[in-house]
Structure formats: structure tokens, C-alpha cells
1. Hey, does region 189-201 have a residue that's in contact with a Pro (Cβ under 8 Å, 6 or more places away or on another chain), free of Cβ contacts under 8 Å to residues at least 24 places away in the same chain and open to solvent by 30 Å² or more (accessible area, probe 1.4 Å)?
2. With respect to His129, determine if the residue is part of a strand (DSSP E or B), modelled with pLDDT of 95 or more and not hydroxyl-bearing (Ser, Thr, Tyr).
3. Can you work out which of the residues in region 255-270 that are at pLDDT 60 or above and of a type outside the set (Gly, Ala, Ser) is most open to solvent (accessible area, probe 1.4 Å)?
4. Just one of (1) surrounded by fewer than 24 Cβ atoms within 10 Å (Cβ to Cβ); (2) among the hydrophobic types (A, V, I, L, M, F, W, C); (3) assigned to a helix (DSSP H, G or I); (4) touching a residue at least 12 places away in the same chain (Cβ under 8 Å) trips up Leu169, so point out which.
5. Would you please list the contacts, defined by Cβ atoms under 8 Å and residues six or more apart or on different chains, that run from a residue in region 142-165 that is closer than 12 Å to Ile104 by Cβ and outside any helix (DSSP H, G or I) to a residue that is open to solvent by 20 Å² or more (accessible area, probe 1.4 Å) and of a type in the set (A, V, I, L, M, F, W, C)?
6. Please enumerate the residues belonging to region 218-245 that are at pLDDT below 95, surrounded by 14 or more Cβ atoms within 10 Å (Cβ to Cβ) and outside any loop (DSSP other than H, G, I, E, B).
7. Could you list, in sequence order, all residues of region 45-67 that are surrounded by 15 or more Cβ atoms within 10 Å (Cβ to Cβ) and outside any helix (DSSP H, G or I)?
8. Taking interchain pairs and intrachain pairs at least six residues apart, which have beta carbon atoms under 8 angstrom, with the first residue in region 19-30 and farther than 18 Å from Ser242 by Cβ and free of Cβ contacts under 8 Å to residues at least 60 places away in the same chain and the second open to solvent by 10 Å² or more (accessible area, probe 1.4 Å) and assigned to a loop (DSSP other than H, G, I, E, B)?
Amino acid sequence: MAQLQGPQLHGKVALVTGAAAGIGAACAATLAREGAKVLLTDLDDARGEAMAGRIREAGSEAHYLHQDVTDEARWAEVVKEAETRFGRLDVLVANAGIAILKSILDMSLEEWRRQMAVNVDGVFLSVKHAIPAMKRAGGGSIILLSSVAGIRGSAGLAGYSASKGAVRLFAKSVALECARDNIRCNSVHPGIIDTEIWDKMPIGPGGRNAPLDARAIAAASVPTGKLGTPQDIANGVLYLASDQSSYVNGSELIIDSGQTAGRVGSLKQD
């Protein structure tokens, strides 16, 4: 394992999708704080620009681009911008994703395909276009945001689970395919995290927005009863982006405070 020598990502360039808020924003700020030059992308231009501005105000290099991760032509432009502006690409954090909470019977084919397009096609395109740039840089770290829903099923989240399960196994295949190119690929599996996805998750008739109480869900399903923060996930992403994880490849980093470890409770004897 490499030894710490100042900022963990000094000299590295990172691309973070879905970086305007939540986990993506925390990842971008954390990687920048540890020395990386960061290219942030999102659909929310106002918040994305503001986030990049805050990173620059803190003394790091950052730039924001508008991006629909399902648009392949845009991917070529984004990766080219990373190399043109910052000289290379070392780290990819494929974070952009959506969640639709509906039963299988209520979910339309259009909703299924939209979720797959963002969560799976977007990840595929990110990796496809990042690999050549990382090869030119001599290697890199690909970090794909999956979920605990990509490890176990959940009623009402069949489509989301299917998409995140695909990301989980895609990461392993990428790791094997790119191993000899000095490019690592790992997946990160957040548990119940305090982000806006709970407010945006379409639910109910017509897919109306009905915010869920993430804190109550965490209290009922997480052994510690605690709701995670975006920074909890960003800390794990930083580890995978850095040389501290140089021997970690094709792995799953679960950050869920024990949610997937097993059943909460103890056996009692009369």
C-alpha cells in the first residue's frame, strides 16, 4: 500500500457526473480538497456552476459542464474537455442516476427504459469513453456508484435494483478487461443516505413526487438507526480514487452502517 505524501490526489484529474448536489457534489469537493483537478457534470446548470465555483474559491481547480449521461456524442466532448483543460484523466466517478419507486405492475416500459438509460447506459458510456483517456494517462481508477439495492432486492424498487445490480457486475467485468492497462474499476454501494433523491423519487399514481422520510427508513432498517451523509460516501470514493487502494480492483465497497450485514435483533431463550 502506498504511503501518504501530502494530498492524496495531487496531480490527478477527476471527472464526476451528477456533481451538482448530494453524493456527487460531496465527491467532487472531497477529491478537489485532496489535490485533484475536477470536472463536474450535471443537468442542473445553476447548482453545478455554483458547486464548481465553491471548489475554486477553496483554492482548487474545477470546471462545470452540462451533460446528459445518456448522450454518447456529449461523452466524447466531455472527456476531450477534461484532457484539453487539465491535460489528462485519472479518475472517473460515475455517480449520475435516478430512482423510480413503483411496483412492477405499475411501472411503464417507458419508465423502465428511462431508468436503465440513465443508470446503466450512462455508466456504460462513461466507462467506454474514459478508458482511452486513462490509457493515455498511464492508468486510472473507475468508480461506479451502485447501491445496496444492487446487492439485494427490494419491493417497489425492482427496476432500480435491476439497474444497480447491472452496475455492480459491469464494474467487475471492466476491472478484468482493463487490469493489464493499469486501470482499476470498483463499485460503491451506499445505504440510506441523506440526499434529495428521496424528494425526487416518483411514486404513486401518475408518478407524482411524494417525498419519503429517509430518516424514518434508516431508523427502521439500519442497525445503528442512523441516516448516512454524502460525505460518508465521498470518503469511500476518495479511498478508491487514491493510490491507497492500488491493490483494490473489481471489489464492492458497501457503505451502509451494517444494513446489508444481516437481520437486526438477537436470539432469546426462555
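1. Scanning region 189-201, I find at least one residue that is in contact with a Pro (Cβ under 8 Å, 6 or more places away or on another chain), free of Cβ contacts under 8 Å to residues at least 24 places away in the same chain and open to solvent by 30 Å² or more (accessible area, probe 1.4 Å), so the answer is yes.
2. Answer is no for this residue.
3. Arg263
4. (4) is the only condition that Leu169 fails.
5. Close Cβ pairs (under 8 Å, with a partner that is open to solvent by 20 Å² or more (accessible area, probe 1.4 Å) and of a type in the set (A, V, I, L, M, F, W, C)) amount to Gly156/Leu101; Leu157/Leu101.
6. Listed by number, the residues that qualify are Ala218, Ala219, Ser221, Gly228.
7. Ser60, Glu61, Ala62, His63, Tyr64, Leu65, Gln67
8. Filtered contacts from region 19-30: Ala20/Leu43; Ala20/Asp44.
The values are calculated or read from the model by the stated rules, or taken from the named source; none is laboratory data. All figures in this text were calculated on a predicted structure; none of them were measured in a lab. Cβ: placed from backbone, ideal geometry, glycine included. Neighbour counts: every protein chain shown. For accessibility, only protein heavy atoms count, side chains too; no ligands or nucleic acids. Shrake-Rupley method; radii C 1.70, N 1.55, O 1.52, S 1.80 Å.
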